[in-house]
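Derivation of every value follows stated rules applied to the coordinates shown; laboratory data play no part. Bear in mind that the values here come from a model prediction, so they are computed numbers and not experimental data. Cβ: placed from backbone, ideal geometry, glycine included. Neighbour counts: every protein chain shown.
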Amino acid sequence: MFYILLFLCFTVGILTRSQISVHYASLGLKLWFENMIPALLPFMILSGVMVRKGMAGKFASILHPLLGRPLNASRADCYVIFVGFLCGFPMGAKTAAELYGRGELTKKEALWLLAFCNNIGPVYFCSFVIPTLHIQRPLPCLCILYGLPLLYGAVLRYTIYREDKTAAAACTAPPISPSILEAVEQSIYSAVQSMLMLGGYMILFCLMNLLPHILKGGPMPLLGPFLEITSGIQAMEGKMPVYCLVLLAFGGLSCLAQTYSSLKGTDLTEHIGEYFLHKLALTGLTALCYLAWYLLSPGGAFL
């Protein structure tokens, strides 16, 4: 009954507030086309080729001396960490699911990586978030945005997701890699399919900003970043930057749905609630870090 009422509410809202609904839908489409496709599609294709050719672990051998021992991580783990922190939502989840599906990660490893590797990308942060929120001191923000999840992941590895080397070594051998042309073709097909799903989710969650117009007759800017982070930050017009920065750790409900979509085809989808709780924990810790930064800032120099 709830879903039926929600569907009817949206339908009535789209029909009676057609200009506003078209605005939100076109905003989601524009942000997807101009921001998400250029930033994510090349990484998706290249990473897909690396995974299908069985080169992910070999590539990550460069990072393994730096990350392997402190995090008790395999080479495949290091590759997911690298991609997840560098490329942004939802590449961490997609790469972990692909390597898990190929038998190069145990289930515990995949769940551990999901807990902290699916983050906002630095290219997105530097090119969109910093100028939109008018941030004058981005370095501390970058440290909080990426240093905190890394520390969180280290703690989880030695507590909840502790795993000995024997279990990690018990992963099945990866399947025979296809030819380079087949790997490229499969990667392009998978990447384009994923991008279409991401675009659909961005449009849908942007459109959910229509609800305040229906219920109270006007917009609710604070709701925007919680639903879809990119359009929400843009709608805030530089106001309440700390609120937006804290919600970057969560990513918005749209990113949660995108992550679920990236896990399809594996049994990791059964643990989406666990992933959601980790995101809430990271969001709370991020809020505490910004509070501490504000309290310790001399003369109120903040952001």
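Apply the a/c threshold of 1.5 to the C-alpha gyration tensor of the stretch 67-152 and tell me whether it is rounded, prolate or oblate. Before the final figure, lay out each step's value.
Working: a/c = 3.19, a/b = 1.97, b/c = 1.62.
Cα axes put the stretch 67-152 in the prolate bin.
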Test of understanding: in a Gaussian network model of the chain with alpha carbons linked when under 10 Å, which of Tyr124, Tyr201, Tyr243 would top the mean-square fluctuation ranking? Tyr243
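I need the shape label for the stretch 188-251. Rule: rounded when a/c is under 1.5, else prolate if a/b > b/c, else oblate, with a, b, c from the alpha carbon gyration tensor.
Cα axes put the stretch 188-251 in the oblate bin.
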Which one, (1) 33, 25, 17; (2) 44, 22, 13; (3) 29, 23, 19, gives semi-axes √(5λ) of the Cα gyration tensor in Å as derived from the coordinates shown? (1)
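Count charges around Gly54 for me, please; just the other residues with Cβ under 12 Å from its Cβ, Lys/Arg as +1, Asp/Glu as -1.
After counting each charged neighbour, the total is +3.
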Only Lys, Arg (+1) and Asp, Glu (-1) charged, at Cβ; the stretch 7-111 dipole about Cα centre in debye: 180
How large is the charge dipole for the stretch 24-295, taken about the Cα centre, if only the Cβ atoms of Lys, Arg (+1) and Asp, Glu (-1) carry charge, to the nearest 20 debye? 340
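Helix by helix, which DSSP H runs in the chain go 24 Å or more along their axis at the Cα atoms and have an average Kyte-Doolittle hydropathy of -1.0 or more? Working shown, then result.
Numbers: long enough: 180-207 (40 Å, 1.28); 272-296 (36 Å, 1.12).
Membrane-span-like by this criterion, though nothing is claimed about a membrane: 180-207, 272-296.
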The pairs in Lys108/Lys279; Lys58/Lys279; Lys30/Lys279; Lys53/Lys107; Lys58/Lys264 lying past 23 Å Cα-Cα in this model are Lys58/Lys279; Lys30/Lys279; Lys58/Lys264
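Using only alpha carbon pairs under 8 Å that are at least six residues apart, calculate the relative contact order of the chain and give it in whole percent.
Working: 365 pairs, mean separation 73.0, N = 303.
Relative contact order here is 24 percent.
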